[in-house]
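All remarks here apply to the structure that follows.
Laboratory data are not the source of any read-out in this text; all were calculated from the coordinates shown. Given the structure is predicted, the values throughout are model-derived calculations rather than measurements.
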């Protein structure tokens, strides 16, 4: 025996709910930070606030170039283009 008292179902559920809440809060903070970082990149590179405005503001040849660079990046890391 380990010398520890058995953990009740209530304690296990409570710990699970607290852990779930912490993970959800962390994911929400990450999502907000990621979107803010993307907005900074879009403003710096494309002079636009979001991806739609960034792509819409490009000439047709630059649109193709941006899309092709994304496809090449996916292929290089082993992703699949569908």
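General remarks:
- Helical runs assigned H by DSSP (4 residues or longer) give the chain a calculated mean residue ellipticity at 222 nm of -25500 deg cm²/dmol, each run adding -39500 (n - 2.57) before division by the residue total.
- The chain: angle of helix 60-76 to the longest principal axis, Cα-based, in degrees nearest 10: 40 degrees
- Length gained when the stretch residue 55-residue 67 is fully extended (0.36 nm per residue, less Cα-Cα span): 3.4 nm
- Most mobile listed residue (41, 64, 11) in the chain, GNM with C-alpha springs under 10 Å: 11
- When every Cα-Cα distance of region 9-76 is counted in 5 angstrom steps from zero, the calculated P(r) takes the values 3, 15, 13, 15, 13, 9, 8, 7, 6, 6, 3, 1, 0 percent.
- Crossing angle, helix 9-46 versus the chain [Cα axis fit, 0-90 degrees, rounded to tens]: 20 degrees
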